[in-house]
Amino acid sequence: MAIELSDTGQDLTEMLVAQVRDAATRGTPLRIRGGDTKHFYGRPVTGEALIVAGHHGVLHYDPAELVITARAGTLLAEIEALLARHGQRLPFEPPAFGAQATLGGTVAAGLAGPARVARGPLRDYILGTKLLTGDGRVLKFGGEVMKNVAGYDVSRLLAGSLGILGVLLEVSLKVLPVPAATRTLQRRLDAQPAIDLLAGLTQRGLPVSASFWHAGELRVRLEGSRAGLDELAAAVGGAEVEADAATKFWRGVSEHEHPFFASRLPLWRLHLPVPATATPLIRQDRLAFEWNGRQAWLDGGDRQAIELLAQGAGGHAALFRRAGTDPGGEVFAPLPPALIDLHRAVKQVFDPRGILNPGRMYADL
């Protein structure tokens, strides 16, 4: 049975439109603000606050069709609780980084948690969006069914755009059932043997839904039927982690509550197309990795050396979290001139006056 709510958010939409149009007329930068739980991510933004957290509410949820549509200011926790009551979940396991995290902020940041290794990125589950552009237009893209995609897939373009293209008003997402059973196993292994083991599990097609290595300890999460997991656990080896402790552990990894992330040093995120290409060159006490070794976390270090290390491995590095109040420089890996020009052209289409989260992604975007 589908859940439908009346659209009582029209007045709030009109208020947001009016504020954006006024700012565009004055050429005043706007800092889009939902729950503000990811304010540390990206470059700092100054300007008037555009508060979208009040624009909330689930508009449509059909458990049978595995689709939910909600306003962007809806709390992520509210959506996850609703899905859980129907035995469903957000497949990409997004980090919240705080109780006030919103759906819009989650999509704008484009971050995924441990399940990303098996379920894919957030953008793969976006079916449609409603967007407020920088010149006050309200545009709708996509829909609420998987086949309702025509022309450019703008909705997925918005995932990870950090609000520089527009203000998300509504989002439709594909959801998935909670697995019948999960099993988390832990083993003591150095970094390279751990990556070799994960590579072997992947080649064999085992249902690994999460992995995390730090300080010689590897944890692997399997999903499937209870009977099937009893057999598959032997392929991973190690000791089984009690269910409640495993749930707490994976939440700690996703929300960066794991002890590795407690340092006050800058936190770097490395994306590596080939697992382990760069990890042997990193001090093991400063390293953690997940997604079967394709995403590595590095605690502190020299910016230039880290960027060169990632580039040499065919990947890239991003400064995920700065140290203290350090304003620093660029956060994300530099783009080739042709690609940054394309970014500017897209920004010009959606935000011609350049007032929405200016500089959040790159200095001139």
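What the table below lists for this structure:
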item: Members of segment 153-174 that are part of a loop (DSSP other than H, G, I, E, B) and either not β-branched (Val, Ile, Thr) or not assigned by TED's automatic domain parsing to the domain that holds LEU12 (or both); result: ASP153, LEU158, ALA159, GLY160, SER161, LEU162, GLY163, LEU165, GLY166
item: Residues of segment 294-308 classified as at pLDDT 90 or above and not in a strand (DSSP E or B), total; result: 1
item: LEU16 being touching a strand residue (DSSP E or B) at 6+ places or on another chain (Cβ under 7 Å) and in a helix (DSSP H, G or I); result: yes
item: Flag if ALA64 is at pLDDT 95 or above and assigned to a loop (DSSP other than H, G, I, E, B); result: yes
item: Any pair with Cβ under 9 angstrom, 6 or more apart, that starts in segment 156-177 at a residue that is of a type in the set (Lys, Arg) and ends at one that is part of a strand (DSSP E or B) and at pLDDT below 95; result: ARG156/GLY142
item: Selected residue [surrounded by fewer than 17 Cβ atoms within 10 Å (Cβ to Cβ), in contact (Cβ under 8 Å) with a residue 12 or more places away in the chain and β-branched (Val, Ile, Thr)] from VAL253, VAL274; result: VAL274
item: Condition met for SER209 (closer than 25 Å to ARG251 by Cα, assigned by TED's automatic domain parsing to the domain that holds VAL17 and of a type in the set (Ser, Thr, Tyr)); result: no
item: From ALA99, ALA112, residue being at pLDDT 95 or above and more than 26 Å from ASN292 (Cβ to Cβ); result: ALA99
item: Among (1) buried (at least 16 other Cβ atoms within 10 Å of the Cβ); (2) modelled with pLDDT of 95 or more - the single one ALA245 does not satisfy; result: (1)
item: Test: residue in segment 166-180 that is among the aliphatic types (A, V, I, L, M) and more than 25 Å from the chain's Cα centre (by Cα); result: no
item: Condition met for LEU176 (over 28 Å from ALA23 (Cβ atoms) and either basic (Lys, Arg) or at pLDDT 95 or above (or both)); result: yes
item: Within segment 74-120, helices (runs of 4 or more DSSP H) holding 1 or more residues that are in contact (Cβ under 8 Å) with a residue 60 or more places away in the chain and closer than 17 Å to VAL253 by Cα; result: 116-119
item: Test set (1) under 30 Å from ALA180 (Cβ atoms); (2) under 20 Å from the mean Cα position of the chain (by Cα); (3) in a loop (DSSP other than H, G, I, E, B) - ASP36 fails condition number; result: (1)
item: Subset of segment 71-96 [under 11 Å from the mean Cα position of the chain (by Cα) and not aliphatic (A, V, I, L, M)]; result: PHE92, GLU93, PRO94, PRO95
item: Count of segment 32-71 residues which are of a type in the set (Asp, Glu) and on the phi > 0 side of the Ramachandran plot; result: 1
item: Meets criteria (touching a residue at least 12 places away in the same chain (Cβ under 8 Å), surrounded by 18 or more Cβ atoms within 10 Å (Cβ to Cβ), closer than 30 Å to ARG322 by Cα and within 25 Å of the chain's Cα centre (by Cα)) for LEU50; result: yes
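Matching residues to (1) assigned to a helix (DSSP H, G or I); (2) of a type outside the set (Lys, Arg); (3) farther than 21 Å from PRO91 by Cβ; (4) free of Cβ contacts under 8 Å to residues at least 60 places away in the same chain:
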site: PRO193; (1), (2), (3), (4): yes, yes, yes, yes
site: SER209; (1), (2), (3), (4): no, yes, no, no
site: ARG219; (1), (2), (3), (4): no, no, no, yes
site: LEU232; (1), (2), (3), (4): yes, yes, no, yes
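To keep it simple, each residue is scored yes or no on (1) part of a loop (DSSP other than H, G, I, E, B); (2) closer than 30 Å to LEU206 by Cβ; (3) touching a Leu at 6+ places or on another chain (Cβ under 8 Å).
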| site | (1), (2), (3) |
| --- | --- |
| ASP285 | no, yes, no |
| ALA310 | no, yes, yes |
| GLY314 | yes, yes, yes |
| PRO334 | yes, no, no |
| ALA345 | no, no, no |
| ARG353 | yes, no, no |
| ASP364 | yes, no, no |
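For (1) at pLDDT 85 or above; (2) over 26 Å from GLY120 (Cβ atoms); (3) among the small types (Gly, Ala, Ser); (4) not assigned by TED's automatic domain parsing to the domain that holds LEU157, each residue gets a yes or a no:
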{"residue": "PRO266", "(1), (2), (3), (4)": "yes, yes, no, yes"}
{"residue": "PHE332", "(1), (2), (3), (4)": "yes, no, no, yes"}
{"residue": "ASP341", "(1), (2), (3), (4)": "yes, yes, no, yes"}
{"residue": "GLY359", "(1), (2), (3), (4)": "yes, yes, yes, yes"}
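The values are calculated or read from the model by the stated rules, or taken from the named source; none is laboratory data. Just so it is clear, the structure is predicted and the values come from calculations on it, not from any experiment. Every residue, glycine as well, gets a Cβ built from its backbone with ideal geometry; the counts of neighbours run over all protein chains shown.
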